[in-house]
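Okay, so here's the structure we're looking at.
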Amino acid sequence: AKAIEIIKDHSANVAELEERIAIVESDRDDTHLKLETEQQKYIESTETHLSIVTKFEERNSVVETDRDAVCLELEEEQSALAKAKGDAAVASKALEEERLNFSQREAN
């Protein structure tokens, strides 16, 4: 009789342990699923971030190229303007000399 009671207690203990193991395994599976879901969200977020960074870098490259082209254009225009000012100064000096010559001829 005592042996039967010990066996019953042992069986109850085994059943309780099996129930606890099932709960722990279920919790473990839930936790694993949650971690996989969070990992996937992180991967998607990282991919989105990398996409945004890549687009920004592409736009920045275009802006830098455009800026360089505009700077080159401005330098060319400044050079042309300086040449035009120089040409105007030479023409003005020639005109002034022509006036002086004309005035001297008129005076003579």
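Numerical summary
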{"read-out": "Residue order for 31, 46 - accessible surface, 1.4 angstrom probe, largest first", "value": "31, 46"}
{"read-out": "Rounded tilt (10° steps) of 2-107 against the dominant C-alpha axis of the chain", "value": "0 degrees"}
{"read-out": "Rough spin-label spacing in nm, given labels placed 7 Å along Cα→Cβ, for residue 14 and residue 50", "value": "5.2 nm"}
{"read-out": "Listed residues 55, 41, 85, most fluctuating in the chain (Gaussian network, C-alpha, under 10 Å)", "value": "85"}
{"read-out": "Accessible surface of residue 19 - all protein chains present, 1.4 Å probe, nearest 10 Å²", "value": "120 Å²"}
{"read-out": "Listed residue (3, 56, 14) projecting farthest to the positive dipole end of the chain, Cβ model", "value": "56"}
{"read-out": "Distance cut-off 14 Å, percentage of C-alpha pairs in segment 26-108 lying past it", "value": "81 percent"}
{"read-out": "Neighbourhood net charge (14 Å Cβ-Cβ; Lys/Arg +1, Asp/Glu -1) for residue 8", "value": "-2"}
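The values are calculated or read from the model by the stated rules, or taken from the named source; none is laboratory data. All of these numbers come straight from a predicted model, not from anything done at the bench. Because the Cβ atoms are built from the backbone with ideal geometry, glycine has one as well, and the counts that use them run over all protein chains shown. Ligands, DNA and RNA are excluded from the accessible area calculation, which covers all protein heavy atoms including side chains. Shrake-Rupley method; radii C 1.70, N 1.55, O 1.52, S 1.80 Å.
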